[in-house]
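K.L.:
Before anything else, here's the structure in question.
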Amino acid sequence: MGKFKSRMYSFFGGRYGTDALYYFLFAIALLLLVINVFVGSFVASLILYGVAASLLVWGAFRSFSRNISRRRRENEVFTGFFRKVFSPFVLAKNKFRDRKTHKYIRCKKCRAVIRVKRIPGNHFLHCPKCLEKIEVTIKERKSNKAPKNKNKNKK
């Protein structure tokens, strides 16, 4: 068993391995294979299977590649694209999560999003990206609760 183990170590040594693009390709291939189960047409099923198999082969090629700098560059391009596509959704999720405690504003100069604690009053801050001075006015939040009626039993 020791001989096999040492051969495996020497084979996988210097290989790129898995990254975000590999996991994305694997997930898309799995999704296509699940969709393939429900497709009735033979031709469409064959196409889906071929695309899924080619994605799996491409992912395996990338993970076994010894050209680490090129694979790293591919992954950086993918993560940059993925971040641009999904960042509005992440920002919306964070705004919803922090809606009671923080306010999100945009810098007028560089359009960077800045998270500010929701403390009523006028605040002056600097944009962390372009160092522009920004004035933020946060109003006191109104309570959604109706005022309690002290005279319940009186008519």
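K.L.:
Could you please let me know if Asp19 is surrounded by 14 or more Cβ atoms within 10 Å (Cβ to Cβ), acidic (Asp, Glu) and closer than 30 Å to Arg141 by Cβ?
P.N.:
Numbers: surrounded by 14 or more Cβ atoms within 10 Å (Cβ to Cβ): yes; acidic (Asp, Glu): yes; closer than 30 Å to Arg141 by Cβ: no.
Considered against the rule, which asks whether it is surrounded by 14 or more Cβ atoms within 10 Å (Cβ to Cβ), acidic (Asp, Glu) and closer than 30 Å to Arg141 by Cβ, Asp19 comes out as no.
K.L.:
Now a separate question. Residue check: is Leu25 part of a helix (DSSP H, G or I), in contact with a Leu (Cβ under 6 Å, 6 or more places away or on another chain), in the same structural domain as Glu76 (by TED's automatic domain parsing) and modelled with pLDDT of 90 or more? I'd like the intermediate steps shown before the answer.
P.N.:
On the way: part of a helix (DSSP H, G or I): yes; in contact with a Leu (Cβ under 6 Å, 6 or more places away or on another chain): yes; in the same structural domain as Glu76 (by TED's automatic domain parsing): yes; modelled with pLDDT of 90 or more: yes.
So Leu25 fits the description; yes.
K.L.:
Give me the pairs: first residue in region 77-88 and more than 10 Å from Leu21 (Cβ to Cβ) and in the same structural domain as Asp19 (by TED's automatic domain parsing), second residue of a type in the set (Ser, Thr, Tyr) and exposed (fewer than 10 other Cβ atoms within 10 Å of the Cβ), beta-carbon distance under 9 Å, and six or more apart or on different chains, which are they?
P.N.:
Every condition considered, no pair remains.
K.L.:
So which of Val85, Val90 is under 26 Å from the mean Cα position of the chain (by Cα), farther than 30 Å from Lys139 by Cα and either part of a loop (DSSP other than H, G, I, E, B) or of a type in the set (A, V, I, L, M) (or both)?
P.N.:
Val85
K.L.:
Within region 93-125, work out how many residues are assigned to a helix (DSSP H, G or I) and either exposed (fewer than 10 other Cβ atoms within 10 Å of the Cβ) or in contact (Cβ under 8 Å) with a residue 60 or more places away in the chain (or both).
P.N.:
1
K.L.:
Among the residues of region 71-84, is any surrounded by 10 or more Cβ atoms within 10 Å (Cβ to Cβ), in contact with a helix residue (DSSP H, G or I) (Cβ under 8 Å, 6 or more places away or on another chain) and either modelled with pLDDT under 90 or of a type in the set (Lys, Arg) (or both)?
P.N.:
Yes, some residue in region 71-84 is surrounded by 10 or more Cβ atoms within 10 Å (Cβ to Cβ), in contact with a helix residue (DSSP H, G or I) (Cβ under 8 Å, 6 or more places away or on another chain) and either modelled with pLDDT under 90 or of a type in the set (Lys, Arg) (or both).
The values are calculated or read from the model by the stated rules, or taken from the named source; none is laboratory data. Bear in mind that the values here come from a model prediction, so they are computed numbers and not experimental data. A quick note on method: Cβ atoms are made from the backbone with ideal geometry, for glycine too, and the neighbour counts reach across all protein chains shown.
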